[in-house]
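Note sheet for the following structure.
All of the numbers you see were taken from the coordinates with simple rules; none came from a lab. Computed from a prediction, not measured in an experiment: that's the story for all the values here. When we count neighbours, we look across all protein chains shown, and the Cβ atoms used for this are built from the backbone with ideal geometry, even at glycine.
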Ligand SMILES: [Mn+2]
């Protein structure tokens, strides 16, 4: 395993030498991914380095409201050559595939330095520099360490971003991955001015009645496989279009299902518009590492929360839902 301090020093030098930095994250970014981007961008501000934030989808308004003057791009053309950037930093992505920009990034490999900052157990160390810490509860926790290492002051705004990532990825300190370090960092962030109730309110993403009904419908399909001690539910393509145009309404559902007391593993099986099926797994069982299972299907994640995709569609049969 590479020495983190050395890797951070390399990152420091690269940022100082860079003329323009490109920063991106995984597809369908969660709050940790987006907060990692926003917090890290303050390091570039500190060094007066120009940068571009690239998202594949528009981030939600509530997040942008934490840092209103930041701008971002959603145009993937940025990645076509000749590139006007000389350093790419990818945060919170276990591998290039999950960026949704794999093809473009592979073409750039060897021509431009890629830095990989992540906390997924299954990270493939795809970067030229890899700051990968599977013990970190969130990628923002690693970014907190980078701020400390670079001796850059964490302002209230930065503290809010870092805390947002920690709260999301620990499910507000209720997941098994919660560590004393993450609580210490959270305490320091609050001391630095972060407003935990505001961040919590933002990260909970208030839901409309339609969205709540969508959750209700999906919960009503919950089934338990007695033999394997697994609880699962499914989300069809139609569910999304019926209730909301915004697929992010179902974010957080897998974490919520992890509250089930009488199953060892919970699964959310979700039909995607591109004829793939996404399976999210959660467990609270000490002895189970769901990331190993996800890896068998080219997925990834953490010991207690992981996922993978397979080709197929969902069909309702007399014996229940089937993947065809
Ligand atoms: Mn994360």
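Descriptive notes on the structure:
- Counted residue by residue at 0.36 nm each, then reduced by the alpha carbon distance between them, the extension gain from residue 156 to residue 5 reaches 51.8 nm.
- Most to least packed among 65-74, 93-102, 143-152 [average Cβ atoms within 10 Å]: 93-102, 143-152, 65-74
- Three-way shape call for the chain based on the alpha-carbon gyration tensor, with the a/c threshold at 1.5: prolate
- Order by protection proxy (mean Cβ within 10 Å, highest first), peptides 117-124, 210-217, 52-59: 117-124, 52-59, 210-217
- Taking Cα atoms only, the orientation of helix 156-169 departs from the longest principal axis of the chain by about 30 degrees.
- FRET E, pair residue 317, residue 276, Förster distance 22 Å, beta-carbon r, rounded to 0.05: 0.65
- Angle of helix 31-46 to the longest C-alpha principal axis of the chain, folded into 0 to 90 degrees and rounded to 10: 10°.
- If you take the Cα centroid of segment 22-47 and the Cα centroid of segment 212-234, the two points sit 34 Å apart.
- Shape of segment 179-303, Cα gyration tensor, a/c cut at 1.5: oblate
- For segment 25-150, a/c is less than 1.5, where a ≥ b ≥ c are the root eigenvalues of the C-alpha gyration tensor. That puts it in the rounded class.
- Working from Cα pairs under 8 Å separated by at least six residues, relative contact order for the chain is 13 percent.
- Additional length obtainable on full extension of the chain from residue 62 to residue 229, 0.36 nm per residue less Cα span: 56.4 nm
- Degrees, to the nearest 10: 4-17 long Cα axis against longest axis of the chain: 60
- Per residue, the chain reaches -10500 deg cm²/dmol at 222 nm when only DSSP H runs of four or more residues are counted, each adding -39500 (n - 2.57).
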